[in-house]
Amino acid sequence: MADTPPAPPVWLVVNKNDLPQQYKSELIFKNEYQFNLLISARDGTGIDALLQALNAHVKGYFSSESGLITRERHRHHLRETEAALTRALAEKSGREDIIAEELRLASQALGRLTGKVDVEDILDVIFRDFCIGK
């Protein structure tokens, strides 16, 4: 029997750390998550700690694998991801719907790179290739 891979870590990132204590639940930290981080998207509290934790996790996860991207398809998806993230970062506060859409586009581009396909991708192909509804 082959060894089963370890379960992926579960990260609990809780926003709104800038609100008064009465709005925070202490129950969230009674769970057995590998990472528990409090952040505030409004004032930036905890964002540096989140980025450092993500950076350390990525370094440990990918170890010494080469970062060389040799396939044009992979480069294309990475460029799409970068462009969507850049657009999300450039958006102004108050336009969270646009930021969310850019993050969704970045996630889809990464999903195509890693081979993750979801229902929305399948529906896009069906509507595009089979002209349903025209």
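Quick notes on this structure:
- For the pair residue 55 and residue 15, label points projected 7 Å from Cα toward Cβ lie 2.3 nm apart.
- When 91, 72 are compared by accessible area at a 1.4 angstrom probe, the order from most to least is 72, 91.
- Note, ³J(HN,Hα) from phi for the range 35-44, Karplus 6.51, -1.76, 1.60, rounded to Hz, x at Gly and Pro: 10, 10, 10, 9, 10, 9, 5, 6, 10, x
- Estimated at the nearest 10 Å², the accessible area of residue 107 is 70 Å² with a 1.4 Å probe.
The values are calculated or read from the model by the stated rules, or taken from the named source; none is laboratory data. Here the structure is a predicted model, which is why all the values come from computation and not from measurement. Backbone-built Cβ (ideal geometry, glycine too); neighbour counts: all protein chains shown. What goes into the accessible areas is simple: the full protein's heavy atoms, side chains included, and nothing from ligands, DNA or RNA. Shrake-Rupley method; radii C 1.70, N 1.55, O 1.52, S 1.80 Å.
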